[in-house]
Amino acid sequence: MLRVRLTYAKRGRACFIPHIAIPSVFSRSGYRSGISFQLSEGFSPRPRISLGPELPVGVPALNEPLEVRLLSFSADELIRWDRALPPGFFFTGACFVTGEPGSAEAKSLNKWCEASSCILALREEPAGASPLESFLQEMKDLGDVLAFERVEPLGFRCILENPAQRSPGFLVKALQKRGIIEGWPDIFILREAVGRLDMAEENGTARVLPLTHPLSEEFEQALKKVATGESAFSD
């Protein structure tokens, strides 16, 4: 049995597929492309697929993690799987999960999901100072946001610890409570990544590291490296 970790992007109309339906998206496309899943036990065996923290409906994402248990794995299979995914879904990274059961390397997927990185922007930005900046500073002072920075021309990037508890919906509720927005239509949110929290030693800057090797522009070549256990980092 092979334990493979993947990251995927979810964009366009795919954003409106709810979290609970994501395993079906990957299992059905996997079966169509010849993926050999390891099945769960019981009266209704299903592919063993684990997801990261829930993403609210309508929020696009670039590096959402999932893990699958496979009976076999090849680069060609993963290439076919990527091509069989519905519009708006595509793989952004892949790696093997190694380590003996019970070891730090083999811990569950959600225990690796220490933080998330999100981009925020108001649909209609008022003149003058952005209310998002003062909002994020307040949230940082309260300990609800670890760090934030302006990202031109997109808006603001913020780092949130414990993404299972602090999802994009957590930010929307806080913005509504302060009267900055009325609801979801007033704000654009993109979840850039879910993964390990990295703090730079020299200046304490926080960033979120995705949980897989990123696939380079030479997609097929990168996947072949992953399939043979090599790094798939772009040059």
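The values are calculated or read from the model by the stated rules, or taken from the named source; none is laboratory data. In this text the structure is predicted, and so the values were computed from the model without any measurement. Note: ideal-geometry Cβ built from the backbone for every residue, glycine included; neighbour counts use all protein chains shown.
Annotations
- Selection status of residue 108, surrounded by fewer than 19 Cβ atoms within 10 Å (Cβ to Cβ) and more than 12 Å from residue 29 (Cβ to Cβ): yes
- Count - residues of region 1-37 that are assigned to a strand (DSSP E or B) and among the polar types (S, T, N, Q): 1
- In region 12-31, the residues that are touching a residue at least 40 places away in the same chain (Cβ under 8 Å) reach residues that are part of a helix (DSSP H, G or I) and not β-branched (Val, Ile, Thr) with C-beta atoms within less than 6 angstrom, at least six apart or across chains, in these pairs: 29/84; 30/81.
- Residues of region 149-180 that are over 12 Å from residue 116 (Cα atoms) and assigned to a strand (DSSP E or B): 149, 150, 151, 155, 156.
- Scanning region 15-27 for residues that are more than 14 Å from the chain's Cα centre (by Cα) and surrounded by 14 or more Cβ atoms within 10 Å (Cβ to Cβ), we see that the one that is nearest to residue 110 (Cα to Cα) is 23.
- Qualifying residue in region 60-70 (condition: over 19 Å from residue 38 (Cβ atoms) and in contact with a helix residue (DSSP H, G or I) (Cβ under 6 Å, 6 or more places away or on another chain)): yes
- Matching residues, region 138-148, being free of Cβ contacts under 8 Å to residues at least 60 places away in the same chain and assigned to a loop (DSSP other than H, G, I, E, B): 143, 144, 145
Residue by residue, here is whether (1) surrounded by fewer than 18 Cβ atoms within 10 Å (Cβ to Cβ); (2) over 15 Å from residue 193 (Cα atoms); (3) within 22 Å of the chain's Cα centre (by Cα) holds:
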| site | (1), (2), (3) |
| --- | --- |
| 131 | yes, yes, no |
| 135 | no, yes, no |
| 142 | yes, yes, no |
| 150 | yes, yes, yes |
| 154 | yes, yes, yes |
| 163 | no, no, yes |
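- Each residue in region 87-105 was checked for being loosely packed, with under 13 Cβ neighbours inside 10 Å and either in contact with a helix residue (DSSP H, G or I) (Cβ under 7 Å, 6 or more places away or on another chain) or aliphatic (A, V, I, L, M) (or both), and 5 of them qualify.
- Answer from 54, 41 - the residue that is surrounded by fewer than 18 Cβ atoms within 10 Å (Cβ to Cβ), among the acidic types (Asp, Glu) and under 25 Å from residue 145 (Cβ atoms): 54
- Residue under evaluation residue 77, criteria (1) at pLDDT below 85; (2) assigned by TED's automatic domain parsing to the domain that holds residue 50; (3) of a type in the set (D, E, K, R), criterion not met: (1)
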